[in-house]
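Structure record follows, encoded as structure tokens.
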Amino acid sequence: MILHRPGHDGTVPQRRGEVDLIAAHGWSGTGTGTVRFEPEYHRFVDLPNT
């Protein structure tokens, strides 16, 4: 499981607070999902698909 925060360094401000969850099993199968981090509740929340 890899967590990628594209808005963390300030280069993608429209994705601030979003986290890409990348699940990799070996290298044959990977999947990516985007969630929002709510630090006040210490949780990740699913974003609606657009």
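Could you please let me know if V45 is among the hydrophobic types (A, V, I, L, M, F, W, C) and touching a Leu at 6+ places or on another chain (Cβ under 7 Å)?
The answer is no for V45.
Determine which member of the set H42, H4, H25 is over 12 Å from the mean Cα position of the chain (by Cα) and modelled with pLDDT of 80 or more. Reasoning before the result, please.
On the way: H4 fails: over 12 Å from the mean Cα position of the chain (by Cα); H25 fails: modelled with pLDDT of 80 or more.
Within the list H42, H4, H25, the selection yields H42.
Does the range 23-37 include one or more residues that are in contact with a Leu (Cβ under 8 Å, 6 or more places away or on another chain), assigned to a loop (DSSP other than H, G, I, E, B) and open to solvent by 50 Å² or more (accessible area, probe 1.4 Å)?
Kept after step one, since they are in contact with a Leu (Cβ under 8 Å, 6 or more places away or on another chain), are these residues of the range 23-37: 32-36.
Cutting the leftovers down to assigned to a loop (DSSP other than H, G, I, E, B) gives us none.
No: zero hits.
The values are calculated or read from the model by the stated rules, or taken from the named source; none is laboratory data. Keep in mind it's a predicted model, so treat the numbers as computed, not measured. Neighbour counts are summed over all protein chains in view; Cβ atoms, including those assigned to glycine, are modelled from backbone coordinates with ideal geometry. Calculation scope for accessible area: heavy atoms of the full protein, side chains included, ligands and nucleic acids excluded. Shrake-Rupley method; radii C 1.70, N 1.55, O 1.52, S 1.80 Å.
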